[in-house]
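Since the structure comes first, as structure tokens, the remarks are kept for the end.
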Amino acid sequence: QVQLVESGGGLVQAGGSLRLSCAASGSIFSINAMAWFRQPPGKQREFVASVTNSGHTNYADSVKGRFTIARDNAKNTVYLQMNSLKPEDTAVYYCAARMGSVWNTWGQGTQVTVSS
């Protein structure tokens with residue numbers, strides 16, 4: 001099994017920056033990609049960004065140019081650098097691991113609040 005632990009959320013003013021971290025442990029050899037999702041208040045969970053083991057990245061249109069996903073294989077950690085934050089980025093952010101073709105392991109979530 002894989003365990004994911006997120007950290008780095010908080011309260012920031014619009015235009016500010018935050019960096020989220022997600023540390024993976026357990027059977028990490030089975031992971032082929034990592035991602036960040038988010039769930040805004042009253043809305044469904046949505047994709048934010050992903051990175052594969054080969055380093056290929058993918059972003060939601062709403063965060064392109066502002067967010068950067070990166071992984072440190074030595075630390076088994078994935079980061080989400082969030083710049084130029086907007087109030088609409090307010091959400092609970094979840095780290096996810098993909099094994100096979102399914103995002104089937106999730107972290108506990110970390111709250112990001114952007115004030116206007």
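Would you mind computing, in nm to one decimal, how far apart the modelled labels at Thr52 and Arg66 are, each placed 7 Å from Cα along Cα→Cβ?
Inter-label distance under the simple model: 2.7 nm.
Around Asn32, what is the net charge, scoring Lys/Arg as +1 and Asp/Glu as -1 over all other residues with Cβ under 13 Å from its Cβ? Could the numbers behind the result be given before it?
Working: positive: Arg71, Arg98; negative: none.
Cβ neighbours under 13 Å give a net charge of +2.
In a shell of Cβ-Cβ distance under 13 Å around Val92, excluding Val92 itself, what net charge do Lys and Arg (+1) and Asp and Glu (-1) give?
Values: positive: Arg38, Lys43, Arg45; negative: Glu6, Glu46, Asp89.
Summing Lys and Arg as +1 and Asp and Glu as -1 gives 0.
Which of the aspartates and glutamates could a cross-linker span from Lys43 if the Cα-Cα distance has to be under 13 Å and same-chain partners fewer than 8 positions apart are dropped?
Glu88, Asp89
Semi-axes of the equivalent ellipsoid of region 22-116: what are they in whole Å, largest first, if each equals the square root of 5 times a C-alpha gyration tensor eigenvalue? Don't skip to the answer; put the middle values down first.
On the way: eigenvalues 103, 40, 28 Å².
Here the semi-axes work out to 23, 14, 12 Å.
Compute the separation of the alpha-carbon centres of region 28-75 and region 90-116 and state it in Å as a whole number.
Region 28-75 and region 90-116 have Cα centres spaced 8 Å from each other.
In whole percent, how big is the carbon plus sulfur part of the accessible area of the chain, probe 1.4 Å, protein atoms only?
Details: 2880 of 5920 Å².
Looking at the chain in its full context, I get 49 percent from C and S.
Place the peptides 30-43, 50-63 in order of packing, highest mean first, counting for every residue the other Cβ atoms within 10 Å and averaging per peptide. It would help to have the intermediate numbers written out before the result.
Working: 30-43: 16.9, 50-63: 14.0.
In descending order of packing, they fall as 30-43, 50-63.
Could you report region 7-47's accessible area per residue, 1.4 Å probe, as an integer in Å²?
On the way: 2180 Å² over 41 residues.
I get 53 Å² per residue for this part.
The values are calculated or read from the model by the stated rules, or taken from the named source; none is laboratory data. All figures in this text were calculated on a predicted structure; none of them were measured in a lab. Cβ coordinates were reconstructed from backbone atoms using ideal geometry, including for glycine residues, and neighbour counts include every protein chain displayed. Protein only, heavy atoms only, side chains kept; ligands, DNA and RNA dropped before computing areas. Shrake-Rupley method; radii C 1.70, N 1.55, O 1.52, S 1.80 Å.
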